[in-house]
Amino acid sequence: MSDSSAHQVHRSDHPLRVSAGRVDLRAYPTDATPDFTGGKTEGKEALADLGSPLAELQERLFAQGRAGAPAPQRSILLVLQGMDTSGKGGTLRHTVGLMDPQGVRITSFKAPTEEEQAHDFLWRVRRALPECGYVGVFDRSHYEDVLIHRVRELAPAEEIERRYGAIVDFERELVDRGTVVVKCLLHISPEEQRERLLARLDKPSKHWKYNPGDVDERALWPAYREAYELAVERTHSDHAPWYVVPADRKWYRNLAVGRLLLEVLTRLDPQWPAADFDPESERRRLVAQGPVT
């Protein structure tokens, strides 16, 4: 996919798109609803209304991939990043869940295994990339290697610096081969995170989602904010831009990501692949065959 194609897929004037240059996340409201004037009820209805067009366009994309349709062969990679409780799981359920699961591949990146640690940080990421026709979703991603690794000093500073450039080159490679990269930072406030963590403690049915380590990570909020700012600033590009999605309002977060996906699919405009047989001849054969006993 050329630069011009990338520009056509990603709107330069999108209200959630990061501007090039210095990034200060404190300037991005976490409870705003850019480009949407309704409330929670209207937002949920708007998300439901996305279901049909989103599912059809995704099915067309999947059909193209399965049929081996002529170039351009396309896929989508949705990257979901955010602090704990920002709603990556909720976005998967309520937004990604609107699409046909047979054409979606979700990968949740946890702490690297011993085998993964023996390779470059992008090794395990490459193994999880979506094939042609698929929508791949990363619940956390290669960005963990410049976020927690920076904050917790799990890698030397010069290695972190190298990784920024490696990520830009990697995402350029993906775009050039036909993958549209949609990077969403689910932007939550520390106050909202605190309320969500407390809510998990209030309900025994939510205890399994609570990790005592989240409190330790929360204490490092300023360091994480700086790490996110640097990661976004250093890896934002025209071919793979960042979108900052306000995540304090769950309903808006879900709607915003859904609208982004629909916009990308609409701009890709996948078409049903042409049949490699004569439908009318096949119809006559079936009619002539009659009942099978």
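The values are calculated or read from the model by the stated rules, or taken from the named source; none is laboratory data. Quick caveat: nothing in here was measured; it's all calculated off a predicted structure. Please note: Cβ atoms are built from the backbone with ideal geometry, for glycine as well, and neighbour counts cover all protein chains shown. We work out accessible area using only protein heavy atoms, side chains counted, and drop any ligands, DNA or RNA first. Shrake-Rupley method; radii C 1.70, N 1.55, O 1.52, S 1.80 Å.
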Among the residues of region 255-266, are any over 22 Å from Ala48 (Cα atoms), surrounded by fewer than 20 Cβ atoms within 10 Å (Cβ to Cβ) and out of contact with any Asp or Glu (no Cβ under 9 Å at 6 or more places or on another chain)?
no
Here the residues within region 59-89 that are out of contact with any helix residue (DSSP H, G or I) (no Cβ under 6 Å at 6 or more places or on another chain) and part of a helix (DSSP H, G or I) are Glu59, Arg60, Leu61, Ala63, Gln64, Gly65, Arg66, Ala67, Lys88, Gly89
inquiry  = Is it the case, given these coordinates, that Arg172 is closer than 23 Å to Ala27 by Cβ and either out of contact with any Phe, Trp or Tyr (no Cβ under 6 Å at 6 or more places or on another chain) or open to solvent by 80 Å² or more (accessible area, probe 1.4 Å) (or both)?
reply    = no
Here the qualifying pairs (Cβ atoms under 7 Å; residues six or more apart or on different chains; first in region 82-104 and of a type in the set (Gly, Ala, Ser); second part of a loop (DSSP other than H, G, I, E, B)) come out as Gly82/Ile188; Gly82/Ala247; Ser86/Ile188; Ser86/Ala247; Gly87/Ala247; Gly103/Gly133; Gly103/Tyr134
Those residues of region 41-97 which are of a type in the set (Lys, Arg) and either more than 26 Å from Trp272 (Cα to Cα) or buried (at least 21 other Cβ atoms within 10 Å of the Cβ) (or both) amount to Lys44, Arg74, Lys88, Arg93
Counted residues in region 84-122 being within 14 Å of Leu255 (Cα to Cα) and among the polar types (S, T, N, Q) come to 2
Residue hits (region 94-122; closer than 22 Å to Thr266 by Cα and either among the acidic types (Asp, Glu) or not in a loop (DSSP other than H, G, I, E, B) (or both)) are His94, Val96, Gly97, Leu98, Asp100, Pro101, Gln102, Gly103, Val104, Arg105, Ile106
Checked region 11-30 for anything modelled with pLDDT of 95 or more and open to solvent by less than 80 Å² (accessible area, probe 1.4 Å); matches are His14, Pro15, Leu16, Arg17, Val18, Val23, Asp24, Leu25, Ala27, Tyr28, Pro29, Thr30
key: Test for Thr113: is it of a type in the set (S, T, N, Q), out of contact with any Cys (no Cβ under 8 Å at 6 or more places or on another chain) and buried (at least 17 other Cβ atoms within 10 Å of the Cβ)   = no
Here the qualifying pairs (Cβ atoms under 9 Å; residues six or more apart or on different chains; first in region 214-227 and farther than 18 Å from Arg22 by Cβ; second of a type in the set (Phe, Trp, Tyr) and surrounded by 14 or more Cβ atoms within 10 Å (Cβ to Cβ)) come out as Glu217/Tyr224; Arg218/Tyr224
Within region 153-169, residues assigned to a helix (DSSP H, G or I) and either open to solvent by 50 Å² or more (accessible area, probe 1.4 Å) or under 14 Å from Thr235 (Cα atoms) (or both) come out as Ala157, Glu158, Ile160, Glu161, Arg162, Arg163, Tyr164, Gly165, Ala166, Ile167, Val168, Asp169
Restricting region 127-146 to residues that are buried (at least 21 other Cβ atoms within 10 Å of the Cβ) and among the hydrophobic types (A, V, I, L, M, F, W, C), the one farthest from Gln117 (Cα to Cα) turns out to be Val135
